[in-house]
Amino acid sequence: ATAARRDRQSEVEITARDRENSCTKVGTEQAEMFGSSFLRSLLFTRQAHVHIRNTRHVEKVLQNMAAGGREKLRVISDFDQTLSGYMQNGKKVLTSIQILLPAKIPGFQVYEEEMKQIYMHYAPKLLSATSADEKARLLSENFQKNTDVYVGAKLSRQTVFSVFRNADLQLRTGCSPFMDVLHRNDVPILIFSAGLGDAIQVTLEKANLVYRNCEIVANFMKFDGEGYLVGWYDPLIFNVNKTKAVLCESYFKKEPERTNVLLLGDSMNDLRMADGVPSMEDILKIGYLNGSIEMLPKYMGSFDIVLVNDETMDVANAIINQVINPLNDDN
């Protein structure tokens, strides 16, 4: 019995020693990883809602971006629920498309039922669609049916832009300094959206964030000579075709030396927004996971950094400020 007790005591001591050695090893690895690393200076890495897929990879990309500086950097970002918020004061923030639903347009509430029927017709078809081409075709049909309702109702430019100016389409906290720093350092940002370009433009105007380094690629409305909606400018952009296929061929050729990309999005479809960047050297993909925490493993498999229910631009601002060493003078 005494021998058995000694054996059990030895096993306990060995288990405790192994656990201690294991913890020491992990602690040493973390210390080496953050001790003198680029990430150590970015305090966001210590926050629970920030998930980094491969710390060493992110560290390497950030170091390369810092070495390249602002001259080699470009930013490509989604708009809705990426630059704009997802939740504010316990309520969902409207998207650029939602602010133009009939319920939001004075005198157009009578068209709500018609639009609802269009939605009910296409929703199950979109859910069962298996290819991106099929989804794009269905989305285009759906979009055109909704447009036909507005065209038939004589929706005017004056009404549309009044709705946009009065809409509560809120940007994420920290979006203004993010856009300002990019502007002051002449770093181009492409806002690549399947939403309404006119609504995005007005939202940025309201926030005094219309800068020459910012280009918006989205769905823009077309009006006739009398100021009534007649359709949309091509190409139509949906979440399934946000790729180089809908970008002007010359866009990425304008500054071919900008081969480092910071990409921001909230959807798996946003991951292809940078496909057209020629000779891309490094890309850091930041994903906003809004609401659906069960999607974290999927997002972690594709984005380098995943931000869970983060209503700020703090992480992007920290990275930008470290990478481009922003100038203090205004251009």
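Based on what the data block shows, is LYS253 surrounded by fewer than 16 Cβ atoms within 10 Å (Cβ to Cβ), touching a strand residue (DSSP E or B) at 6+ places or on another chain (Cβ under 6 Å) and part of a loop (DSSP other than H, G, I, E, B)?
When the stated conditions are applied, LYS253 does not pass them.
Of the residues LYS72, LYS154, LYS116, LYS91, which is farther than 24 Å from GLU226 by Cβ, in contact (Cβ under 8 Å) with a residue 60 or more places away in the chain, open to solvent by 20 Å² or more (accessible area, probe 1.4 Å) and of a type outside the set (Val, Ile, Thr)?
Answer to the check: LYS72.
Any idea which residue in segment 191-235 is farthest from the chain's Cα centre (by Cα), counting only those that are in a strand (DSSP E or B) and more than 19 Å from THR82 (Cα to Cα)?
So the residue we want is TYR228.
Taking only segment 119-148 into account, find how many residues are under 22 Å from PRO102 (Cα atoms) and touching a residue at least 40 places away in the same chain (Cβ under 8 Å).
Number of matching residues: 4.
In the set LYS116, LYS104, which member is on the phi < 0 side of the Ramachandran plot and touching a helix residue (DSSP H, G or I) at 6+ places or on another chain (Cβ under 8 Å)?
LYS104
Considering only residues of segment 256-281 that are hydroxyl-bearing (Ser, Thr, Tyr) and in contact with a strand residue (DSSP E or B) (Cβ under 9 Å, 6 or more places away or on another chain), which is nearest to LEU182 (Cα to Cα)?
Here the answer is THR259.
The values are calculated or read from the model by the stated rules, or taken from the named source; none is laboratory data. Small disclaimer: the values here were computed from a predicted structure and weren't measured. Neighbour counts run over all protein chains shown; Cβ positions are idealised from the backbone, glycine included. Each accessible area value is taken on the protein alone, full model and side chains, heavy atoms only, with ligands, DNA and RNA left out. Shrake-Rupley method; radii C 1.70, N 1.55, O 1.52, S 1.80 Å.
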